[in-house]
1. Under 1.5 on a/c is rounded, so check that first for chain A, then, if it is not, pick prolate when a/b is larger than b/c and oblate when it is not; a ≥ b ≥ c are the square roots of the alpha carbon gyration tensor eigenvalues.
2. Top mean-square fluctuation among A:266, A:301, A:207, Gaussian network model of chain A, C-alpha springs under 10 Å?
3. What percentages make up the Cα-Cα pair-distance distribution of segment A:47-121 when the bins are 5 Å wide from 0?
4. Please name whichever of A:426, B:41, A:170 sits farthest to the positive end of the charge dipole of the protein assembly as shown, dipole taken about the Cα centre and charges placed at Cβ: Lys and Arg +1, Asp and Glu -1.
5. Could you compute the net charge surrounding residue A:65? Neighbours are other residues with a C-beta less than 12 Å from the C-beta of residue A:65; K and R count +1, D and E count -1.
6. Let me make sure I get this right: for segment A:331-433, a, b and c are the square roots of the gyration tensor eigenvalues over alpha carbons, sorted descending. Under 1.5 in a/c it's rounded, otherwise prolate if a/b > b/c, else oblate. Which is it?
7. Restricting to bridges with both residues inside segment A:331-433, how much of the DSSP beta-bridge set is antiparallel, in percent to the nearest 5?
8. Give the aspartates and glutamates whose C-alpha is closer than 13 Å to that of residue A:335, dropping any in the same chain fewer than 8 places away, or say none.
Amino acid sequence: MHGGVFDVEQSWREPDLSKLPGFASPENERIVSVMDELLFVFCRPEDRLLTRKAMDPAHRQYLNAIGFSFEVNAFDVEKVFQDRGRHLFRLLDEDPDPRLSAFLPAGATFEPFAAVDELASVCRRFGLNASAPPMDIVRRVNTKTYSAEMRERLGLPNIATVVRSSDQLLAVGRKVLENGAILLKDDFGVSGRGNLRVDSADTLERVAAYVAQQESRGKRTRFVMEPYLDRIGDFSCQLHIDEHGETRILSVQRLANAEFAYQQSVTPDPAFIERLRGERYFDAMHRLAAELHRDGYYGHVCVDSMLLRGGELVPIVEINARKSMSLIKHQVDAKVQDDRIQGSMRYYSLNLSDPNLAFEDVLAELEKRQVLYDPRRNGGAIPLTANTLAINRNPEQPYRGRLYVYIAASGPDQRERCDERIREVFESLSMRLVN
Amino acid sequence: MQEQIIRIIAELQKDPELTNRLNGQSSIVRDSGMESLQIVQFILQVEKEFGTEIDFDTFDMSLLDSVERFSEYVRRSAAAAL
């Protein structure tokens, strides 16, 4: 059984912590709530996937046709999205649809995207098994303070300061600002309020005042503050630690992020991997895994790393103790299994105006332009999601959608040509690209 | 004010073309490509340039449905702050 919650940090976050300024976009929240359809990539032929909203039949059929075999629920677990707090496992725990008992096979093992509080009780209710560390450990290792502490433990350069009050935020912030901008991080990196770049004293004062206001209402403060580094590249390492501490490095992906938000994962070239070997990056990952296991964690981990303009490599920026977008991309790489292919995965943020647009129209247009991936064709695009495009459908006004796409290409040139044709498809269907 | 708002968006998005593409009717969220984290930077910049303060906890996101509507809101907030 596969299923999961993508903005899981929201459920891990301690409710009495103060927040950075932030705004939740209801359209984005709805999109994130149906990203669980991406989890089909983890399914083996006999596996089942439970998605919050039933997958689009044309999309499912296409994925089956190109070799992804899985069973998925044909009914919506939730008819109308209410709020991000009511995630899939809460729905299963509190108000399960009667059809779920037949769909969730008793005795099966539930492999979630990330562990959540309700996983154990959902498994009890439906007679499923799951193997996850205690939730207090999952929470702890996913905090930004833990990532900062880990850099110290491993003897890696650590530029982070943990600030525990609005006064400290202001005092430390003023010092850091003397040398350049600040990066402030929420301890749980909750989407929409995860990171904030502060580049002036008045913005710092404004943020500190907002935090002080929350403290006066009884909130505690814990942020990680760092100088804003001049990075030239982000990358991440996916690894798996089993219950006995055995660690496997699964993949490394180069990332294109925009203002800290995930945009694209690309397979790195061999020279980049060689460079990482030369700088003993993988030794650092194994040492990190050993420490995580010593602290009681096992399961999937995605470590964010970066390269600075001066050439310095920062192995541990953030530890994400869960599956990840880059791991999803790695799973598709494994499926495509062609050494001539350099895979990439990205998302397109779109404004849609046709309330009657069907996903099969998107597939048909991609096929018409010969850019839809088919194992018999040399490369192409695999649309990985469909509900993310339609979840905000509105007959009265344009609506925001998102499309996650894997591009199988022989190199950057073919990837660019694929991307151009995908943009043509959007244009032909009156979908306006905004990212 | 609408032009100033559009300029702030274009600068944050590092896309000068947005000054031609966006107008009073454009949605600040949907048409600019800004995601949640950039919207925070946008609001902080608006506060700074117009000398107003926006309540992060009660701000009505539908005010971002058009540049015109948001400009009007900022104009009224700035006047009230005087």
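1. On the way: a/c = 1.40, a/b = 1.30, b/c = 1.07.
Rounded is the answer for chain A, as its axis ratio a/c remains below 1.5.
2. Answer for the Gaussian network model of chain A: A:207.
3. 3, 13, 23, 25, 19, 11, 4, 0
4. Result: A:170, furthest along the dipole toward the positive end.
5. 0
6. It is prolate, given that a/c is not under 1.5 and a/b is the larger ratio.
7. About 95 percent, rounded to the nearest 5.
8. Straight-distance partners of residue A:335: A:374.
Here, each number is a calculation from the coordinates, and none is a lab measurement. Just so it is clear, the model here is predicted, and its values are computed rather than measured. Here Cβ is always computed from backbone atoms with ideal geometry, including for glycine, and neighbour counts include all displayed protein chains.
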